[in-house]
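Written below as structure tokens is the structure these notes are about.
Nothing in this text is a laboratory measurement; each read-out follows from the coordinates by a stated rule. None of these values were measured; they are calculated from a predicted model. When we count neighbours, we look across all protein chains shown, and the Cβ atoms used for this are built from the backbone with ideal geometry, even at glycine.
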Amino acid sequence: MKTAIAKQTTRMLHPKARAFRYSLYSSLSSSIVSVVTNREKAMRKKLALLIVCGCLGASVSTAQSAYPNQDIPSRAVGLTAVAVDFYFDGSAPSEVAFTFDGMAYGLFYNREPLSLTYIRGAQDIGANDRLVLTDFTLSGWTPVRPFGMGGGKKVDVFLPFGIETDYRRIRQTQNNVEIDAFEYTVVAAGGGFGLSMPLVKGVFAARGLGYYGIATRSFGNNTDSSAILDIAANWSSSRITTRFGIQIGYGYRWQKWYSDIGEITGNSFDFVGKHHALRLGLTF
């Protein structure tokens with residue numbers, strides 16, 4: 001008798017149970033698809049970074065020095081002071097706009113043709129309101145000398161082609177609450193023009209490269225883009241001791257982050273960054 005009642009109850013509830021089960025399966029399927037999609041995107045980002053690292057390693061292992069035939073150490077490490085001008089360049093509501101206009105300080109390491117820079121700066125923009133900027137840049141380039149450019153000549157002219165990856169985060173602290181107001185990772189490729197020449201018991205070298213590439217932000221799943229102009233000039237002394245020399249340098253950088261959020265909202269959320277950097281270090 002109990003078995004018959006149970007079977008009858010099961011038959012009565014069967015349509016509702018089936019609907020509930022279908023809803024549950026749909027929810028689980030959506031969650032699984034979302035997890036798989038996020039993992040695929042994370043894997044793509046990791047793959048892009050691995051490709052960049054491989055290309056940078058290849059450029060370091062195969063590239064020639066930017067100033068051959070000179071007794072100048074190829075490695076340099078030192079301090080850098082950077083005047084940063086970073087601002088919102090879009091049409092979105094004003095509450096999302098902010099500006100960082102101040103100094104940042106950090107370290108640099110060069111081993112031609114590899115360059116690494118880390119800077120950090122802070123700025124008070126109001127009562128209990130503070131911005132902290134962190135920027136890390138890694139670039140590698142290869143000098144190409146077509147048509148016999150450079151070589152044994154006194155002035156070495158070359159065409160640098162390279163890859164650059166840049167990470168920038170601006171954290172805003174307001175009333176003891178921290179948020180990441182801006183956070184992007186950029187992977188870009190490009191080329192330009194460079195030269196080096198002997199100058200006052202040392203070598204003067206300068207180069208300018210334009211880059212364009214992809215930009216991924218910490219929020220959202222879309223991929224944006226970024227354009228970069230990077231100009232650097234430095235003077236490296238010959239060895240002052242048996243091992244060490246000095247290097248003095250200047251750098252200018254312009255970068256724009258293009259956000260595709262505007263294609264959805266109708267407003268642009270682009271940002272522009274400029275900076276002037278002074279560098280002083282030891283060569284070895």
**Asked** In what order do Glu183, Glu112, Glu178 fall by count of nearby beta-carbon atoms within 10 Å, going from fewest to most?
**Response** Glu178, Glu183, Glu112
**Fill in**
Expressed in µm² per second, the diffusion coefficient of the range 66-283 from the Stokes-Einstein equation, with Rh the Kirkwood radius over alpha carbon pairs, at 37 °C and 0.692 mPa s, is 175 µm²/s
**Message:** Amide H of Ser268 versus every other amide H placed in the peptide plane: which residues, excluding those fewer than 5 positions away on the same chain, fall under 5 Å?
**Reply:** Ser91, Ala92
**Complete:** In order over the range 201-218: 3J(HN,Hα) from phi, Karplus 6.51/-1.76/1.60, θ = phi - 60°, whole Hz, x for each Gly or Pro, gives 6, x, 9, 9, 10, 9, 7, x, 10, x, 10, 8, x, 8, 10, 10, 9, 6
**Message:** List the aspartates and glutamates whose Cα sits under 13 Å from the Cα of Lys201, skipping any in the same chain fewer than 8 residues away.
**Reply:** Asp71
**Request:** Would you mind checking which residues have amide H under 5 Å from Tyr258's amide H? H placed 1.01 Å from N; only 5 or more apart, or other chain.
**Result:** Ser225, Ser226, Ala227
**³J(HN,Hα), Karplus 6.51/-1.76/1.60, whole Hz, each residue of the range 106-113, x for Gly, Pro** = x, 10, 9, 9, 10, 9, 3, x
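What does the C-alpha gyration tensor say about the overall shape of the range 150-247? Classify as rounded when a/c is under 1.5, otherwise prolate if a/b is larger than b/c, or oblate.
oblate
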**Request:** Starting from the amide H of Phe182, placed 1.01 Å from N in the peptide plane, find each other amide H under 5 Å away whose residue is 5 or more places distant or on another chain.
**Result:** Ile170
**Asked** Tell me, what ³J(HN,Hα) does each residue in the range 184-190 have, in order and in whole Hz, if you take phi through Karplus 6.51 cos²θ - 1.76 cosθ + 1.60 with θ = phi - 60° and put x for Gly and Pro?
**Response** 9, 10, 10, 10, 9, 10, x
